[in-house]
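Please treat every number below as a calculation from the coordinates, not as lab data. Keep in mind it's a predicted model, so treat the numbers as computed, not measured. Cβ: placed from backbone, ideal geometry, glycine included. Neighbour counts: every protein chain shown.
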Amino acid sequence: MIFYFSATGNSKAVAEKLMDVFGGFTYKIDDELRQKNFEQEVPREEKVFFVFPIYFFSMPTVVEEFISKADFKYANSDERPELCVITTSGGSAGGADHLISKMFKGKNVDYKGMYNVKSVENYILLYKVPLPEAQTLKLREADKQVEDIIQNIKFNYRVPYKSGPFMGIASALTNKIYKATNKTEKFTVDTDKCIKCGLCQFHCPISAIKMEGGRPVWVKDRCVHCLACIHRCPAQAIEYGNKTKSNGRYVNPILK
């Protein structure tokens, strides 16, 4: 069983590679959360994987909420399912491993640790999207990292990602900053560019966007800040204040 959250496709690409090797099916975390599928029965011979991006050295709120509510068990067995986390990031994962380990503590799982894949940076509130040539190179490097991680998992989860205690403290602080700043009030729509396709509403993982009069309106004060609405707008009509206007857009080739 592979649970994933992916706004731009980097984590989805990793999830599908895991499925190719370990079998099972992929499940979108935001769909599972929306449908309240919290009681997860794991097929007897399968591992459980979580795949998601790093936000502010921590995890997206939608992922945190699902993990906090979900339970996992094998059918007709008291054994705990093996569970492993693979994250994706444009840079460092910080001390996310500490926060993730804490989330699974007390759950009915045999938590094996976390691995991180460095992929194409796309948090355009702070950074520019790399040029196409650099994206291609980064994705090739990411594929190689995934191959190495798969081999490590096969050999009893060797060499997981581990950060020092200071990074764990830093991630706890940046997680609070993320939750305090993931507001929707600065999202804007260029009505001259908007083609009224509704894809922003479709891709929003927490239904924070509604189409009113053919235009997107943010109906919640806060969101995940995954920026799927910006990256996946075919007309590039959505911005977040002035922060995203010159930083480009990105979608992993798996979504094209």
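This model, with +1 at the C-beta of Lys and Arg and -1 at the C-beta of Asp and Glu, gives the chain a dipole about its Cα centre of some 680 debye.
Where only DSSP H runs of four or more residues are counted, the chain gives -10000 deg cm²/dmol as its mean residue ellipticity at 222 nm, each run worth -39500 (n - 2.57).
With the simple spin-label model, which puts each label point 7 Å out from Cα in the Cβ direction, the T188 to I206 separation comes to 2.4 nm. Each label was represented as a point 7 Å from its Cα along the Cα-to-Cβ direction; for L125 and E141 these points are 2.5 nm apart. Taking Lys and Arg as +1 and Asp and Glu as -1, the other residues whose beta-carbon sits under 14 Å from that of Y178 total +2. Taking segment 177-199 and a reference point 7 angstrom along Cα→Cβ of K245, the backbone N atoms nearer than 13 Å belong to 188-190. One Cα centroid belongs to segment 186-256, the other to segment 53-123; the line between them spans 27 Å.
Using a Gaussian network model on the chain with a 10 Å cutoff between Cα atoms, which of Y178, Y127, Y115 fluctuates the most? Taking springs between Cα atoms under 10 Å, the residue moving most is Y127.
Summary value for the chain: 20 percent relative contact order, contacts being C-alpha pairs under 8 angstrom separated by 6+ residues. Extension gain, F38 to R215: 0.36 nm times the residue separation minus the Cα-Cα distance gives 60.4 nm.
Radius of gyration (Cα atoms) of segment 183-255, expressed as a multiple of 2.2 N^0.38 Å: 1.01. Of the residues A13, A237, A96, the one that moves most in a GNM of the chain with alpha-carbon contacts below 10 Å is A237. Taking a sphere under 13 Å around the Cβ of S246 and counting the other residues whose Cβ falls inside, with K and R at +1 and D and E at -1, yields a net charge of +3.
Pairs K12/K118; K12/K243; K69/K107; K105/K162: which are spaced more than 19 Å apart, C-alpha to C-alpha? Intermediate values should be presented prior to the final figure.
On the way: K12/K118 14 Å; K12/K243 26 Å; K69/K107 10 Å; K105/K162 16 Å.
As for pairs spanning more than 19 Å Cα to Cα, those are K12/K243.
A full extension of the chain between K73 and F25 corresponds to an added length of 15.7 nm, given 0.36 nm per residue minus the alpha carbon distance. When cysteine pairs in the chain are screened for C-beta atoms closer than 4.7 angstrom, the residues that find no partner are C84, C194, C197, C204, C223, C226, C233.
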